[in-house]
Amino acid sequence: MVTILEGLIVAALAVVLIVWLYLKNRQEKLVPKLESRTPFKIESRDEKSVTLSTTIEFRNEGTQSVMIVDAICHPLLPFEQYDGMNVRGKAEREGVPREDDYFEALVIEHQQSVNLVAKVTLTARKNLSLEEAVSHMVDFPVEFLYREVGRSPMKWSIARVILPAEELAKLVGVALVKD
């Protein structure tokens, strides 16, 4: 026979298990929708540089709010790969442009989305014009690093898009030179 003490222990374990399962399923789940990002477009241009942007939807598919504490746009074009262009990145929330490189933290409620913008500025080097530099350009990745926190511990995540040389050349209006 089951004693009262054994029954209380089983009931307590059942309550702990139910609470644990409830809390385990109440998590944030931030998902960048890379397949639906916007094509790169020109934000500004002069004879030596061009600034491009693409918009990425970030959706919280979880059941709890999530906060994006920081975001960084990090284009990966080392001079060893191509030294005719200097590349810099900037992350912003869509509709909230900033003059500095600071990313203002934001909360995304469960089952809600926010659009973040990755801006990439390409500046010609070595006394090249923008058109000359772009004509010899290579494909390169643009990483969107973001730090998120919710019920789970804070962590860094990465969303990566590729900026193809063909897309850049088309935007600038030049043909690629096969090196």
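Values in this text are rule-based calculations from the coordinates and carry no lab data. Source: prediction; values computed, not measured. Heads up, the Cβs are rebuilt from the backbone with ideal geometry, glycines too, and the neighbour counts pull from every protein chain shown.
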Dipole magnitude (debye, nearest 20) for the chain, charges at Cβ of Lys, Arg, Asp, Glu: 360 debye
P(r) histogram, all alpha-carbon pairs of region 118-166 included - 5 Å bins from 0, percent: 5, 16, 19, 17, 12, 10, 8, 6, 5, 2, 0
Beta bridges by DSSP in the chain, antiparallel share as percent, to the nearest 5: 100 percent
Inter-probe distance in nm under a simple model that places probes 7 Å from Cα toward Cβ, at residue 110 and residue 161: 3.0 nm
Amide H contacts of residue 70 (H built 1.01 Å from N, under 5 Å, at least 5 apart or other chain): 147
Residue 15 paired with residue 49, simple spin-label distance in nm, labels 7 Å along Cα-to-beta-carbon: 6.3 nm
Local net charge near residue 88, Cβ-Cβ under 10 Å (Lys/Arg +1, Asp/Glu -1): +1
Helix-only CD estimate at 222 nm, as mean residue ellipticity for the chain, using -39500 (n - 2.57) per DSSP H run (n ≥ 4): -6000 deg cm²/dmol
Selected from 8, 159, 50, residue furthest toward positive end of dipole (the chain; charges at beta carbon): 8
Rg and Dmax [Cα atoms of the chain; Å; Rg one decimal, Dmax integer]: 23.4, 90
Dipole axis of region 60-167 (+1 Lys, Arg; -1 Asp, Glu on Cβ), positive-most option in 133, 102, 79: 102
Base-10 log of normalised Debye intensity for region 31-93 (one unit scatterer per alpha-carbon) at q = 0.13, 0.18, 0.25 Å⁻¹: -0.51, -0.86, -1.23
Environment charge of residue 137, counting only residues whose C-beta is closer than 13 Å and scoring Lys/Arg +1, Asp/Glu -1: -4
Mean Cβ neighbour count within 10 Å, used as a protection proxy, ranking 12-18, 144-150, 81-87 highest first: 144-150, 81-87, 12-18
Relative contact order (%) - criterion: Cα under 8 Å, at least six apart; region: region 60-179: 32 percent
